[in-house]
1. Over what distance in Å are the Cα centres of region 142-184 and region 224-298 separated?
2. Output the peptides 249-255, 115-121 sorted from most to least packed, where packing is the average of other Cβ atoms within 10 Å over each peptide's residues.
3. What FRET efficiency comes out for the pair residue 275/residue 4, r = Cβ-Cβ distance, R0 = 35 Å, nearest 0.05?
4. Dividing the alpha-carbon Rg of region 5-79 by 2.2 N^0.38 Å yields what?
5. I need two numbers for region 243-347: Rg to one decimal and Dmax as a whole number, Cα atoms only, in Å.
6. To the nearest µm²/s, what D does Stokes-Einstein give for region 161-221 at 25 °C and 0.890 mPa s, using the Kirkwood radius over alpha carbon pairs as Rh?
7. Could you give the nm distance between label points at residue 41 and residue 92, where each point is 7 Å from its Cα heading toward the beta carbon?
8. Could you sort 314-324, 47-57 so that the peptide with the highest average Cβ count within 10 Å comes first and the rest follow in order?
């Protein structure tokens with residue numbers, strides 16, 4: 001335990017804490033204060049600590065969806081809570097409550113081992129359980145909002161714990177009420193509802209081909225999980241080996257007429273129908289078409305395995321990574337007239 005750490009029953013508070021091992025881009029930033037909560041019931045006591053009074057903390061999971069542009073001059077608060085609870089059944093569904101500090105991938109694997117399918121497409125996504133509804137994580141045609149029954153969150157404004165229904169979470173594409181108010185609600189647990197009569201989603205690009213490569217024509221959920229693991233492992237670098245935050249840019253959603261014009265000029269551009277007559281484009285295709293896949297400036301770069309992945313080849317600072325990402329974004333905008341948005345939260349001071 002660092003000598004600058006205060007240890008209390010249920011939480012730890014550390015001054016001038018390194019965040020390098022707490023963000024998957026491996027940015028060597030520091031926080032003025034770092035609070036780690038092991039018991040959600042002690043959150044009010046931690047916030048009432050003399051050093052944190054009147055300080056709005058930055059809420060951090062496993063750091064898989066943030067980019068620290070520099071040191072953080074305030075307090076960072078992270079949950080290290082553990083626990084999975086099977087709730088009373090509701091008809092043909094399995095209901096499970098899980099603490100926010102659990103690792104998402106561990107939880108997905110646990111549900112599959114328990115014979116509760118549904119989350120198999122979301123396997124191997126880095127981050128904590130608490131971050132899953134905030135970002136409304138999604139992969140291979142599935143989003144977590146399809147299975148979230150409720151979200152428990154501590155309201156930093158009222159100092160009360162609130163339970164949100166699925167509708168009250170206001171989920172959108174890589175979005176939620178929690179993401180739009182990132183420093184108000186600290187998610188402490190989520191409850192999911194997994195249908196026992198479940199048909200795996202296998203129609204997403206690449207997934208069917210991977211299952212065919214495996215020789216599977218009638219895939220069970222564990223087959224889908226195996227295929228997704230193979231795809232993600234092949235396409236995405238391991239953050240433990242090469243610093244990255246997964247997909248750095250969102251797939252842009254643009255008006256249908258604009259998309260049609262782009263498709264006329266670039267017939268190979270992948271597109272998907274979106275709500276309200278809009279069209280979703282492949283950000284990876286746009287970036288690769290601009291020649292940015294595998295591009296590197298110093299230790300900041302784009303993965304040569306997947307054009308959406310910003311990588312830290314060693315000692316890039318957060319400022320260098322963000323400047324590089326903006327150059328990639330500007331290059332795409334100049335060529336296609338489409339402005340990419342970052343998926344991770346950009347933390348600047």
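1. If you average the Cα positions of each part, the centres end up 26 Å apart.
2. Top of the packing list down: 115-121, 249-255.
3. Once rounded, the FRET efficiency stands at 0.10.
4. 1.04
5. Answer for region 243-347, Rg first and Dmax second: 14.0, 44 Å.
6. 163 µm²/s
7. 3.9 nm
8. 314-324, 47-57
The numbers here are math on the coordinates, done by the rules we state, and not lab data. Just so we're clear, the structure is a prediction, and the values are computed from it rather than from any experiment. Every residue, glycine among them, receives a Cβ derived from its backbone with ideal geometry; neighbour counts consider all protein chains shown.
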